[in-house]
Amino acid sequence: MNALSHPHWRLLVAALACFAAAFALASATGLARSVPELLRGIGVTATVMFGGSAVAIVVAPVAALCKLYGGSAIRWLAIGYIETFRGTSALVQLFWLFFVLPHFGITLEPLTVAIAALGLNIGAYGAEVVRGAVLAVPRGQWEAASALNMTQSQTLRRVVLPQAWVLMIPAWGNLLIELLKATSLVSLITLADLTFKAQQINQNTLQTVEVFSIVLLVYLGLSLLITLGMRQLERRASFGLARGPGT
Amino acid sequence: MVHFDHVTKRYGSLTVLDGLDLRIAPNEKVAIIGPSGSGKTTVLRALMTLDRIDDGVIWVDGEPLTHMRRGDGLVRADGKHLRRMRSKIGMVFQHFNLFPHMTALKNCMEALVRVLGLPVEEARQRAGELLAMVGLADKQDEYPARLSGGQQQRVAIARALALRPKIMLFDEVTSALDPELCAEVLGVIRELGRAHQLTMLMVTHQMGFAREFADRVCFFDSGRIAEQGPAREFFDAPRGERTQRFLRAVMDAG
Ligand SMILES: Nc1ncnc2c1ncn2[C@@H]1O[C@H](COP(=O)(O)OP(=O)(O)OP(=O)(O)O)[C@@H](O)[C@H]1O
Ligand SMILES: [Mg+2]
């Protein structure tokens, strides 16, 4: 079988094609001089993306488990966090952390604010994904573990979360792509990300069609890379073939 | 060994176990039969401490299962007591409930490592011996999804035995299996009963197996034991009219 016919490889090829097309477009339309600027912007976008993902991936399971198994105070704290960050827009959250917190004597670097706000935003959605996946693991798994005298936390760590993890990978793929798209908001708190650079170059060169086409291709390429990563994880995580009855 | 002392279990207004009294001697093999919804599974789940009982006391080895002595009375047991009592009991489920992300061997090792704290090598060896005992030495590295139903259930039996319980509970362990796979699982159970000192409590629809394997049969109806007796006697000469009707219906269906 041709290696390129594997769907994962096609994703990689498509992503690289996007980047190549963006570069070709830049070179062909006299925007070559702007490429270093764009690359710097991509660097900022990627930094916010990775930082935000890390925050979300840590925060989401913690919030989900607090909501599921915490005592009432902890549970309400988790619910408060989840509902606040799901119920308000990411932009408002960015502005709040950036412009309001200083009034309370807390001034953070824009990059820190960007990573924290977007990470917490996606983390709130992620918490619901984690919670749903944990609840989707059949009750029989808990009972089997209990019959083996495993504690609740052992059951969670060794039996339930590894299965929930497989169930939630596709949803996480969506969330991380949402995160990528939301990174374009950080230009509004003075960060020079890809979108910000594009606007700048557009103002200087007035090559609107070319500039924003390049940016579109780059974002598409990045999101294809995310999808590729998640597919890879999914493939590694899926044990056996089908799931047996009742398991 | 096990004594259900006037045990009651309710779900809302539905009384599932209705003042149940049941004594099981060490090493005794008891088959529980009865119509759907009569509380058979509930008895096993209560004994496995998967469900709370609302009234009465379950005694295991002379100790209250879900209660502790406090002064003259009994209070609800703490986690430590429950864990100690649970270690005497193993359960096999109708739908196997194997851990799908672990190989057959890992399924059997998990509790040995996590609960007993055995070194991995020792756990691996003990799990391997158990799998060999249920005839699956060659399948130890397979994931459950790649095993037949009968093989999965045999892994589940090996897993339940890993902690060396004194009491084994089987809840319709062959109901999800094709007849030919059924036989291999029943064969394993038969062998277990022969070779080990185990008290066994099994819910089953396999009347032939119950008759031949069990010391005693309990016929459940509406959360009570409607009739019980030595297996042969019970099947050859059921006394109650309800029992006769049930047995006739099962024979007709089978
Ligand atoms: N979690 C629950 N909530 C409410 N009712 C329940 C629950 N579990 C069991 N029941 C009810 O309790 C009764 C006894 O259930 P049980 O599972 O013990 O029956 P059973 O004798 O094992 O039947 P079957 O042969 O169908 O397995 C049934 O009427 C059932 O609907
Ligand atoms: Mg049942």
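The values are calculated or read from the model by the stated rules, or taken from the named source; none is laboratory data. These figures come from a predicted structure and were not determined experimentally. Because the Cβ atoms are built from the backbone with ideal geometry, glycine has one as well, and the counts that use them run over all protein chains shown. The accessibility values were calculated without ligands, DNA or RNA, using every heavy atom of the protein model including side chains. Shrake-Rupley method; radii C 1.70, N 1.55, O 1.52, S 1.80 Å.
Data overview
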read-out	value
Spin-label model distance (nm) - A:Val62 vs B:Arg83, 7 Å beyond Cα toward Cβ	2.6 nm
Per-residue HN-Hα couplings for the range B:128-138 [Karplus 6.51, -1.76, 1.60; θ = phi - 60°; Hz; x = Gly/Pro]	x, 4, 5, 5, 5, 5, 8, x, 10, 4, 7
Point-charge dipole on Cβ atoms (K/R +1, D/E -1) for chain B, about Cα centre, debye to 20	600 debye
Dipole magnitude (debye, nearest 20) for the range A:3-237, charges at Cβ of Lys, Arg, Asp, Glu	520 debye
Mean separation of Cα contacts under 8 Å, 6 or more apart, over the residue count of the range A:3-237: relative contact order %	34 percent
Inter-probe distance in nm under a simple model that places probes 7 Å from Cα toward Cβ, at A:Ile106 and B:Asp18	6.1 nm
Cβ-derived FRET efficiency at R0 51 Å, B:Ala237 paired with A:Ile74, nearest 0.05	0.25
Mean Kyte hydropathy of 0.5 or more with a Cα span along the axis of at least 20 Å, helices from DSSP in chain A	A:7-28, A:35-69, A:110-136, A:161-182, A:208-237
Percent accessible area from carbon and sulfur atoms, the protein assembly as shown, protein chains only, probe 1.4 Å	58 percent
Residue-averaged 222 nm ellipticity for chain A, from DSSP H runs of 4+ at -39500 (n - 2.57), nearest 500	-25000 deg cm²/dmol
Antiparallel %, DSSP beta bridges [both residues in the range B:62-179], to 5	50 percent
Residue-span extension gain [B:Ala137 to B:Ser36] - 0.36 nm each, minus C-alpha spacing	32.8 nm
The range B:99-164, accessible area per residue, ligands and nucleic acids excluded (1.4 Å, Å²)	39 Å²
Reach of A:Lys181 by Cα under 17 Å, taken over lysines that are not fewer than 8 positions away in the same chain	A:Lys197
R0 of 51 Å, Cβ-Cβ distance B:Ser148-A:Arg86: FRET efficiency to nearest 0.05	0.70
Listed residue pairs exceeding 23 Å between alpha carbons, taken from B:Lys9/B:Lys40; B:Lys88/B:Lys139; B:Lys40/B:Lys80	B:Lys88/B:Lys139; B:Lys40/B:Lys80
Placed amide H near B:Cys218: partners under 5 Å, 5+ positions off or other chain	B:Ala31, B:Ile32, B:Ile33
Distance in nm between pseudo-label sites at B:Arg76 and A:Phe50 (7 Å out along the Cβ direction from Cα)	5.0 nm
